[in-house]
Each structure stands twice: as C-alpha cells, then as structure tokens.
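Before any comments, here is the structure.
The values are calculated or read from the model by the stated rules, or taken from the named source; none is laboratory data. Note that the coordinates shown come from a computational prediction; the quantities given were computed from them, not determined experimentally. Cβ atoms come from the backbone with ideal geometry, glycine included; neighbour counts cover every protein chain shown. SASA here: full protein model, heavy atoms, side chains in, ligands and nucleic acids out. Shrake-Rupley method; radii C 1.70, N 1.55, O 1.52, S 1.80 Å.
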There are 4 protein chains.
Amino acid sequence: MNTFGNIYRLTSFGESHGAAVGGVVDGMPAGVPIDVDYIQRALDRRRPGQSALTTPRREADRVELLSGVMDGLSTGMPIGFLVRNENQRSRDYSELRDVYRPSHADFTYQQKYGLRDYRGGGRQSARETIARVVGGALASLVLRSHGIEIRAYTSQIGRASMEGGYRWYDEEAIESSVVRCPEPEKSREMEDEVKAALKDGDSVGGVVSCIIRGCPVGLGEPVFGKFHAALAAAEMSVNAVRGFEIGEGFRSSAMRGSAFNDPFVSDPDGRIHTATNHNGGVLGGITDGEDVTFRVAFKPVPTIRHEQDTVDLSGHSVRLSAHGRHDPCVVARAVPIVEAMAAMVTLDYLLLSRTVRP
Amino acid sequence: MNTFGNIYRLTSFGESHGAAVGGVVDGMPAGVPIDVDYIQRALDRRRPGQSALTTPRREADRVELLSGVMDGLSTGMPIGFLVRNENQRSRDYSELRDVYRPSHADFTYQQKYGLRDYRGGGRQSARETIARVVGGALASLVLRSHGIEIRAYTSQIGRASMEGGYRWYDEEAIESSVVRCPEPEKSREMEDEVKAALKDGDSVGGVVSCIIRGCPVGLGEPVFGKFHAALAAAEMSVNAVRGFEIGEGFRSSAMRGSAFNDPFVSDPDGRIHTATNHNGGVLGGITDGEDVTFRVAFKPVPTIRHEQDTVDLSGHSVRLSAHGRHDPCVVARAVPIVEAMAAMVTLDYLLLSRTVRP
Amino acid sequence: MNTFGNIYRLTSFGESHGAAVGGVVDGMPAGVPIDVDYIQRALDRRRPGQSALTTPRREADRVELLSGVMDGLSTGMPIGFLVRNENQRSRDYSELRDVYRPSHADFTYQQKYGLRDYRGGGRQSARETIARVVGGALASLVLRSHGIEIRAYTSQIGRASMEGGYRWYDEEAIESSVVRCPEPEKSREMEDEVKAALKDGDSVGGVVSCIIRGCPVGLGEPVFGKFHAALAAAEMSVNAVRGFEIGEGFRSSAMRGSAFNDPFVSDPDGRIHTATNHNGGVLGGITDGEDVTFRVAFKPVPTIRHEQDTVDLSGHSVRLSAHGRHDPCVVARAVPIVEAMAAMVTLDYLLLSRTVRP
Amino acid sequence: MNTFGNIYRLTSFGESHGAAVGGVVDGMPAGVPIDVDYIQRALDRRRPGQSALTTPRREADRVELLSGVMDGLSTGMPIGFLVRNENQRSRDYSELRDVYRPSHADFTYQQKYGLRDYRGGGRQSARETIARVVGGALASLVLRSHGIEIRAYTSQIGRASMEGGYRWYDEEAIESSVVRCPEPEKSREMEDEVKAALKDGDSVGGVVSCIIRGCPVGLGEPVFGKFHAALAAAEMSVNAVRGFEIGEGFRSSAMRGSAFNDPFVSDPDGRIHTATNHNGGVLGGITDGEDVTFRVAFKPVPTIRHEQDTVDLSGHSVRLSAHGRHDPCVVARAVPIVEAMAAMVTLDYLLLSRTVRP
C-alpha cells in the first residue's frame, strides 16, 4: 500500500530517522526533458526552515535521481530517487518509545505491527512527503507540455479565512506570503493565528485550496474511478488531512439545484463550456474542461509544547510535553504537497484516458 | 475502473435502461451463512418509491445470486448477482439524445467516449448503486460476526441541519423518518425542505453522517492506504457526492491542537482508548478502536422541472425542463449506500490487516 | 483473483451447478460494433458435444449481454454477461462429497476453504472457461480492426505429434478436424489416440500451438510485465495446463546463440524485421512485429472411468471409478480458450502501449 | 509494470549504467529479524566473476537497506534498498547506439519508447535481477520461519542434461559445482558445453529445475490466480527465459490419465498426501502440500563474439561482433534468481491465504 496510482505510479519508502527517504516513479512517459532543478525547487518549497514561522531545522534535502534518465531525457524506465536524511540528531528518543503521543499514530502502529519506529515520526513523519513532491514534480513536467497547470494556496488558518470562492493567483502572490496566502491582508491575519499558537505552545489547522487549470475534457472514469474520488483519496492520504471537497463541496448540501446547476453555454468559437462552475470542473466523475477546484482541510499538528494527558505502553497515565522543533502549523508547507498529489492524479488519468477508444 | 477494493472486491455493471444491473463480489470469505433476505432488505432501503417524498416508481428490484453460494453458505468463490431492469418504459428518450443536461454527465461522456447511453441516466443512473448495496450487504454479513456495525443517517437537508456531533441512533429512529433523520423535529424541518423544493420544481442537497462501531485497532495502511483515504474514495465515488470529512473534518481547520488532540486514557480493565474522538477513530490512517465517524456531502440532484439554459450537441442554446419522475432529494435513499461503501472498505481492510505479521 | 488484466479486464463467476456462469468485461473500448453472433460462434467452438470424441452433453450455452452495448455499439461501460446452466441434472453428487478425486482440486479446495462445491467440478469446472471465451471474443472484435489475428491448433495428442515449427493454417483446415489438427494425417493419428484412451476408460493429454499475427512492434513492458510473461500467466491459468513456451521455448535450452539469434534484415520498403523467429516475436518482453508464437501443454483430464485409488475425507482408502459423461481429451475444445486468453492479453497490452509517450 | 506481487510486492528500478539499481519491498511482515548478511550472500550468488566460466567482472554489489528496519527487525514499513553501479567503465558505447543487436531488446525499446539507454544492457541488463534477489532473500527470511525452503539447480546446459525427475539436493552439492549442477559427472559435461561455446565465441542455453518444499496446503487462488500461473509469470519475466512447466509439464501431454493422476493416500498419522507427484504439488491451482516442482528454460544469451548480420537504425545491413566481457551461459547465475522469484510468489500467496476465512 506504499504504491499510488494506476499507470503513473509512485512507490515510496523511508522514515525520518532511517538512512533516506525516496521512491520509484513508474510509468513516466519517455522522451520528457527532466529538469532536476525544477524538482529540487519543488522540494525546497516543502522544506522546513523557510521562515520564522516554521521549524528552524535546516535540511539540504538534495534529491538524487538514480535511474530512468539518460542524456537529460526520461527513458520510460522507472525513476528511482532518494534524499538522504542528513540531520538525524543523535538525540535520545527513548522517552518516546514508551509513551503514546495524543493524536499521533504511535498507538495504532504499535498495536497493528507489534512494534514501531519511535524515532521522530517514523514512517508517519512529514519527511515521507518528499517522495510525493518528487513524484508530483515529475508529473508536472509532463502536464506542462499539455498546458495543464496546478496551483494551490492557503485559504484558511485557524479563524482567519479568505472570503469567496476559488481564484487563480499568480505564483509570486502566493510564494511571497510566509503562509502562502495570496491576499496580503488575510495573510497577515493568518500569520497572527500561527504566531499566537506558537506563543501558546500550541498548533493550529487550516485549509488549502487548489485549482487544476487546462485539463482536457474526459479525465476520470465512471463509477469507482471518478476523477474527484481519486483526488480525494490522494489528498486524504496526506498527513493531517481531515476533509476534502470538490467545487462547492459541503456548501452544495444547502443549495437548490436551480442555483447549483452549471448551465452549458457556447463560446463564440463554438467551444461548449459552463457559465458557472459549482461542480468544480467534474461532471459524473469526468473532467468537463473547466477549472478543477477543490479544498483540503488540515487538522492542527498533534505535537505541541503544551502539556498533555496520555498513557504509556502499559496504560499508566503520564503527562507529556513536546520538546524540540515543531511547526505550529503545517498548512503553508502542505501547499506544494497538495499540488503534487493533484499532479500525479491528473497525469495518471490523462494517460488512462487514451485507452477508451478502439 | 468498475472494480472496487483490494481483497474484498466488487465489480459492477449495468445501466438504467439495459437488461440488468449487477456485479461480482470477489474475495467473500468462505463458510459465511448467506441471508438473502438480509440482502434484499438492504436493497429495499435504497429503492425509490418508498414515500411521498421520493419518486413514485415501483421497482421490485429482486436480487438473484448466481454463484458462490452452496447450501446457504458462501464457498469463497465469486458471487455473481443481478437485478433485472423491469421498469424500462418504452418512452422516447430521443429528446435527451441531442441535449446536454446541466450538471449531468451527458457532456463529459459524449466527449470522452464519442457516444453515450442517453436513455435515462445510462451508467450514471442511481440504479448503479444497486451493486454497491449488494456488495455492502454481503460484507456486513461478515462484519456482524466480528461485532462491527455501521449506521448512517441524514444530518442535513438544505438549510435544515442537526446540531452537535456524531451520535449512534437506533435503526428504528432512523428508518421511521421519511428522510432518515433520527431526530423527529429535525426530520420535519428536513421534510419541509424537500417538499418546498418539490413544489418549486427544484431539488435540494444534504449531508449523511455515518459511524462504524466496533472496528478493531489496526485497520488501515500507512501512507497511501490510510483507512480514511480509502473511505473517502469509496464515498466520493457515489453519485452526487461532493465532500467527505473524517471526525471533526473541516471544523478541525479552525481548531488548536490543545483542543483537538484526543487524550489517551485507560479503562479500569486496562484497555487503552481516547477520552474524546475528534480524530474520528483513525490515527495515522489506522483505526484506533474508537467509533469511525465521517460525513458525506451531497449536491442537489441535477434533474429539475425548473426550466434551464443549456446547449444541444451542436452547441446551440436550448431551454430544457425535465419531465417524468425525479426525486427532489436523494439524501434519504443515499443513507444505505453510504453504509454499503463503508462496509466494503471495512471488510477489505479487516482482511488485509491479517497480512502484516510473519 | 477472479479478475484478469490491467486495462482490458475480465471478472468471471460461476460454477458448473449454480444458476449461471458469466462475467464482466471492463475496459472495452467505446464505439466498437458488437457482433453477438461472433461471440456465440466462439462459444459454440468450446461447447462440448461437438463430435463423437467429446462428451455427449448438449448445452445451448446462449450468451446474454446485460449492459455496455447500445444500438449495437459498445459504450465503453462494463459489459456484464451470463450463460445459464441449463443442463444441471438432478443427479446425486453425494458420492463425490466425501471423496477426493485424484488430480482434482477437491482436496485443495476443501482444505483451503473448509468446504467445497462438490457438485460436478464446482468452480473448477470447464464451464468457467465460458467467461474467458466471451472476454476473448469481445477483445478479438477490437483486434481485428487493428489487423491482429489469433489462430491456435492442436499440435500434439498423446504420442501423436506434428513435426516442425509453428505454421499459420486456414481456419477451415483446423475446424474441419475433429481434434482441431490442421494436417489430415496427423489429425487421424490424434483421433486414434483419443479413441484408444476412450476405449480404455482413460484420458490423454496434448499440446496447443498458437500464433498471434499482425501485432505491432511495442506491446509488452520491461521487467515484470513482459508480453510473454503475461501470456504465460494467462494460459497457465486455464484448467489442465502444465506448461508454456514462447518461440523455440524448451528447445532453445539446447541451442547455441549463433543458431538461435534472429538476424535483423530490411525489407525492400525499409521495414526492419528478423530473418528467423526463434524468439517467437518477443524481444526483451516486447513484441517485435513478427508472429508471436507459443505452445501450451495440457495434462490428461483427471476424470477417468478407470478405477483409481484414493481416500475419503476421513483419509480412509477407497476405490473410485467415474461415471457419466467425460471428455477423454480436452485439447480440441481448449483451442478456442487458448486463443481467447491470447486475445485478452494482446488487447490489454495494445491499450497499455498508448501510455508510454508524453 | 515495475511492481511485482499482490501483498508482498517488489518495485524495482535501475539500469546497468545508471547510478544504481535497487527497489522497494512493500508488504514485508513486521517483526522479522533482518539478516543483512543473508541477503548479501544471496546477492553474491548471482554476482558475475565467480568462476572461470563466467564473466571476469568484479563488482562488489553491496546492498544498502535504506528503510523499514529498526534494531534489526522489520517494522512492516517498505524496505528501500540499492546497490551502486561501481564498475561503469567510461567506455564508448556509441557503436551500440546506432545498431540493433540480434535477439536483444534494442529494436523493440527504440520503437516503443522512441529512445533507449544504449549503454550496456540498459534496463534489460542482468543487473536488474539484483532487485529480484534482494526481494527474494527478504521473502525467504519469512518463509524459513514457516519451514518453507526453496532449492534450484541447473539440470541442463546445451546438450548435457540430467536424467530423471526433480530431486532435492544438498545446497553444498549444488554450490560446489561451477555450473550449479549437483551431479558431478553431469556437471562436468555441462562445463564442457560452456567451455566449447566460449571457445567458439558463442553462447549456450539451459534449464533450471526448482523445488519449493514445505508449502502448506492452500496457497493459490482459483481461476486466474492459480499458484502455478503466478509462478509462471514470475519466472517468465526473468531475462532470457523461454519456457516454464510445472511438475511433469510438457511430458504430461503424452501421458494417459491413469498414469498421470496422483493417488491420494493416508500417512500412518492420518495426514493425506499423494503417492506420486506428477502434478508438481499444485491441484486446481492450489498447493496440495507436496513439493512444488517446476522447470525454467533459458535461451542462449544473445551477446556473442561470433560475427552476426544485423541492421543499423536506418535499416542498413551491418556486421556485428561483440567485444568485452560476456557470460557464454547465464544458467548457473540464474539459479538464485529462479529461487528468488519463487520465494516472492510463495510468500505473497502465503499472506493472501489468510484472507479466505471470515
């Protein structure tokens, strides 16, 4: 279950305190120029230590591509890659060995597997998302050649929330915000939410909004392979995600059909599209050519300095307060991960869509 | 992409106006008593024509099991099944052949496949969910023997919404409500929403809440196979679903970690559980033994009597008003479908969970 | 595990003495004219009762397509189908319930599942191959439009064996032989083998040779998805198959590279092909445009009138002699099944091959 | 298609002249002591340069496990691993860039992907099998704890062939032979075949026989997932393999049922087994508790010093003679690879077999 996708597939491996994290991208089309700098920049965007608001760790996180590329082109063979874990402090994790951190996977891993990697987050560490970002960056190299772009941004942190619906923002507007919120005033409100949580030794959740622009009509499969079902599985598999909605999402539950339905209209050039986009670019599970719009909800990260009640492996009550480095809010760093998952799903379904005609 | 699941798998087929809808359940454990009446009752719950609020069609929808059962027991072999489409009126669907109904899959199917079954909903018809319900009922027969129960109910229709969080209701409380809302006063408000929509020739959306009770600790896989990611894919694949959230879901985005985290505590008998359940019974993608709680958002059904703007296959503007029989709200009928998808995911992961020890 | 294929997929169900055998073909390309007579003729070829040499059962075996076809064209939706089991004699199978027939799956099913369908062959019955033949016939409808043809014939029965390598025979030459051996003299020798076995209350094995003609260069995937590995899995999954070889197969083990290697040459029109075809049309797991040639070995069918030693469920020794209707040799009837499996693999890989370019 | 298996899965990557070959083992059960020396010894067995008969390359081929192991135990998380390609000579491969080597995958890769890695064997290199051997060794660590052992040996090289059927040999008898033939006289004959081929600048094929001992009854799935079908796919996917047979295999085609069928008998202790084993330990696709016996045919390796006719990329005739280091016979080195594939299939089906009971 560490493989994701149908035709374009990512298999990932690695824990925070093992030798490396990495993966294998299978199904990469052949003949694509592989821009390693592009991949590295994508990785840099998810890297901690990017601002005063995030964890002060400094990790180089240089990706090494091990196969599948020759003379700068993909060969169609699997692309193995890894990022070494360079910053493994020799600190003592034994205090975590015997305690179940609230909202963490300690308890469930221990019960399921009979043992767990208690050093840092183990397989549950956010370092696992490195593989997702590499897989997404490689997919994006193909998508760009088809005119498909993906852009995500932070639309809520704690009680600070952007108004209105999905909007396509310039990359600079997003990246210039320390929380990746493209509206400066809202960005400041969100920063305040993060700072307040940091000050209180606490953490805070948020929402990432994402748009896939330029999708051709026809991605997605009827019934179980609906495009938005695959997107939901992809995004829900990211650490700390608790909700997914396409287009109007939960708001559609309160709506009437007459207000929700998107009327079809014709362009002057004869192209059919919809006048509104409450469906979020997907009809019957298949992309309709409009922007695919979706939102992803993140819970507050579980690790807080705040003292908490919990139990040890024997079930005895203990009090726990986290030490060390922790983001009070992962939402800004999650933005490139949300994009990466969307990129992999989109390429996978783009390739699949070629198999429906004789 | 008409197959769902890993070990316990449903492959479905059928359109609203073909000969039959049906499917194949593969991976059914051997030696399970197969209660055909139980399966039929599950089907009856999703059947239209149950009340004045739903479509007046009368379909017998008798399921026939074709294989995989001998002397009343499952044999471990695939269970083929079908339900004949008995109520195919010989009505003229040609008016739908040339027009794209707003919010329907007409346009995307036509573009993707070059043709589409324009008779009724085709493969997009809600009759497709018959296969899901049969697959879910067979799964439930196994889950019950493990003490696992699944219960869903309508928690919102239009502007009428239940307060508070998830709650386990008696089946009778749910089934005695025509909208499957177990709180009588809220049920009446929801009925009013449906009736108002019906009167206006309109439709209305809603939310189904669901609880999986009795899950052992350990269902779900790290990274891409998280239990709630699989649940999300399952539920998002149901017609008209637009959003999914686990536990607190989108509400967690506004929360602090100190409020969200679920403290571990020990029972007097030594069993470890959590004092609260904001995580919805899943930690790190693996069930923690608490109730698995989730909510599913449905958009208003696209077919309305209300006249709408759209285009025909040539892109010319036309006005469309639906005739015939249509539910103004599918949420009540969706309750057993939400349960069925949850049952299949749960059994699939229960079987998978046996493979992690040497 | 009752689903076969990646993109073009067959899910099958059914036992010899249940209500029906059937399946679901998923991934059928859209817009293909569906010639039901063609499918029925394919079924008729596998049907028992075709000659004095085969079992005298008469089964109509009419296939019913339940979905996925409209106005004579495939819609891209799954094609559910079934064939009713009309000839289930009400005979008493209780004598088989308590005994393990030698070379049958009775013992392994009983041990694995804790029970088994002891009526006739259960899921192990040759009737299961009905689904394969339907899946293969539908695939062939697509392959024919690409100029790909598949032809198999009996090349050995018992000690009677054709000389020389693979050869493309006219369909009439094959079908006019009661054992489906296209060389009349060899056909008579093979018939004698079957008659001798029949007379002795015994059975006899054989070999089917098969050619896939017109494959484009490029079907197959490196490493685990090699074209001949997929073919091998497909053919080895057929009842009674014990061996598979591609091209020269086992004979290549005794050969030198200088004799085995197929030199590349150019046609006058510039097309590159090979002067010989010891590799059987597959290089590195990928079709090279030459005929794909392979052979499939069948063991003698286990059910014989000859008295045999075996044990009952308690392990006590018993003597067993089969009554009723049994083919002494299934090889002739296996010819269309070998073709069907090849057709499904070929179409699956043809569709997959479209996904390797950006 | 670079992933193999259902529950226990190997994803592999790497070319002969890239940075590394490696893979990810997913589904490794948790809590298994990981003996890295055992894995390394398995790798050493497949390594070239082991004798005067094999290529004189010296490659350290040290495996590095990157994840999934803590304190010497598997954690249930994916095990990423790699072996660096240390011996990449900076030699000029440009002469291979423009020519299609006979019996190689040059032509098919170039046509399928539009480009190919022409340095050495690229993805077709035998170095790819490193990942298979690591995956097989990890599987064997689990199988040993269940009392399951796998042993393969060379039973034919060129015209030198062992007589009689399958036999279980001591590991020392096999490993003390330079061709891995456990019978000294036959070993000498086989060595002579290899030496003669070497002297002639030629290559020669062979057969590997393999036994899986200690399999419980019940591994394998009916219909498409038959145990021997999965084995066939596994072994046929190995470079240069051209044929697979289970038990008597192709010999069974000439046999009568009365001679072929394996009578069931009871042990004094009541255990049911078969008096003979012509079926090779598999009945109806499911292991019956007897030795699983199979044979794998290898063609002569394509690269020979002997001058050969071929064409260049433009289709012009050229003469080619290979330089450099080449095994005249890969069969001895293939023995551990045959075992590795069998180990992965066996563990995969062992884990799967736990899912058939409620």
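A compact table of results
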read-out: Within segment D:306-323, tally of residues that are open to solvent by less than 70 Å² (accessible area, probe 1.4 Å), more than 14 Å from D:Ser203 (Cα to Cα) and of a type outside the set (S, T, N, Q); value: 6
read-out: Subset of segment C:230-241 (residues that are at the interface with another protein chain (Cβ under 7 Å from one of its Cβ atoms), open to solvent by less than 10 Å² (accessible area, probe 1.4 Å) and either more than 20 Å from the chain's Cα centre (by Cα) or small (Gly, Ala, Ser) (or both)); value: C:Ala232, C:Ser237
read-out: Members of segment B:171-188 that are buried (at least 18 other Cβ atoms within 10 Å of the Cβ) and part of a helix (DSSP H, G or I); value: B:Ile174, B:Lys186, B:Ser187
read-out: Residues that are more than 7 Å from chain A (Cβ to nearest Cβ) and either surrounded by 24 or more Cβ atoms within 10 Å (Cβ to Cβ) or modelled with pLDDT of 95 or more (or both), drawn from segment B:201-229; value: B:Val208, B:Ser209, B:Cys210, B:Ile211, B:Ile212, B:Arg213, B:Gly214, B:Cys215, B:Pro216, B:Leu219, B:Gly220, B:Phe227
read-out: Any hit, segment C:258-269, residues being modelled with pLDDT under 95, more than 7 Å from every other protein chain (Cβ to nearest Cβ) and touching a strand residue (DSSP E or B) at 6+ places or on another chain (Cβ under 7 Å); value: yes
read-out: Answer residue from segment B:334-358, given it is within 16 Å of B:Arg9 (Cα to Cα) and among the small types (Gly, Ala, Ser) and is nearest to the chain's Cα centre (by Cα) among those; value: B:Ala340
read-out: Scan of segment A:324-358 for residues that are at pLDDT below 90, open to solvent by 30 Å² or more (accessible area, probe 1.4 Å) and within 12 Å of chain B (Cβ to nearest Cβ), ordered by number; value: A:His326
read-out: Residues of segment D:119-130 satisfying the condition of being under 22 Å from the mean Cα position of the chain (by Cα), under 22 Å from C:Arg357 (Cα atoms) and more than 8 Å from chain C (Cβ to nearest Cβ); value: D:Gly121, D:Gly122
read-out: Single residue of C:Arg159, C:Arg188, C:Arg116, C:Arg180 found to be under 30 Å from C:His278 (Cα atoms), facing another protein chain (nearest Cβ under 8 Å) and of a type in the set (D, E, K, R); value: C:Arg159
read-out: Scan of segment A:265-305 for residues that are buried (at least 21 other Cβ atoms within 10 Å of the Cβ) and under 30 Å from A:Arg319 (Cβ atoms), ordered by number; value: A:Ala297, A:Phe298, A:Lys299, A:Pro300, A:Val301, A:Pro302, A:Thr303, A:Ile304
read-out: Pairs with Cβ under 6 Å, 6+ apart, first in segment C:289-302 and at pLDDT 95 or above, second of a type in the set (Phe, Trp, Tyr) and in a strand (DSSP E or B); value: C:Val296/C:Phe244
read-out: Matching residues in segment C:302-358 - criterion: being on the phi > 0 side of the Ramachandran plot and touching an Asp or Glu at 6+ places or on another chain (Cβ under 9 Å); value: C:Gly315
read-out: Among residues of segment B:131-147, those that are open to solvent by less than 20 Å² (accessible area, probe 1.4 Å) and more than 12 Å from every other protein chain (Cβ to nearest Cβ), counted; value: 4
read-out: Matching residues in segment C:106-146 - criterion: being more than 21 Å from C:Ala19 (Cβ to Cβ) and touching a strand residue (DSSP E or B) at 6+ places or on another chain (Cβ under 6 Å); value: C:Thr108, C:Lys112, C:Leu138
read-out: Conditions (1) over 29 Å from C:Ile130 (Cα atoms); (2) open to solvent by 10 Å² or more (accessible area, probe 1.4 Å); (3) in contact with a Lys or Arg (Cβ under 6 Å, 6 or more places away or on another chain); number of the one not met by C:Ala259; value: (3)
read-out: Options C:Glu149, C:Glu163: the member that is of a type in the set (Asp, Glu), farther than 26 Å from C:Glu15 by Cα and over 20 Å from the mean Cα position of the chain (by Cα); value: C:Glu163
read-out: Some residue of segment A:150-170 being open to solvent by 60 Å² or more (accessible area, probe 1.4 Å) and within 18 Å of A:Asp37 (Cα to Cα); value: no
read-out: Wholly enclosed helices (runs of 4 or more DSSP H) of segment A:77-169 bearing at least 2 residues modelled with pLDDT of 95 or more; value: A:106-113, A:129-145
read-out: Any pair with Cβ under 8 angstrom, 6 or more apart, that starts in segment A:41-55 at a residue that is at pLDDT below 65 and ends at one that is part of a loop (DSSP other than H, G, I, E, B) and of a type in the set (S, T, N, Q); value: A:Gly49/A:Thr55
read-out: Candidates C:Glu64, C:Glu95, filtered to the one that is surrounded by fewer than 23 Cβ atoms within 10 Å (Cβ to Cβ), under 25 Å from the mean Cα position of the chain (by Cα) and acidic (Asp, Glu); value: C:Glu64
read-out: D:Thr293, sole failed condition from (1) more than 8 Å from chain C (Cβ to nearest Cβ); (2) closer than 17 Å to C:Ser103 by Cβ; (3) of a type in the set (S, T, N, Q); (4) part of a loop (DSSP other than H, G, I, E, B); value: (4)
read-out: Complete set of residues in segment B:101-130 that are of a type in the set (A, V, I, L, M, F, W, C) and buried (at least 20 other Cβ atoms within 10 Å of the Cβ); value: B:Ala105, B:Phe107, B:Ala126, B:Ile130
read-out: Whichever residue in segment B:1-29 is of a type in the set (S, T, N, Q) and part of a loop (DSSP other than H, G, I, E, B) and, among such residues, is nearest to the chain's Cα centre (by Cα); value: B:Asn2
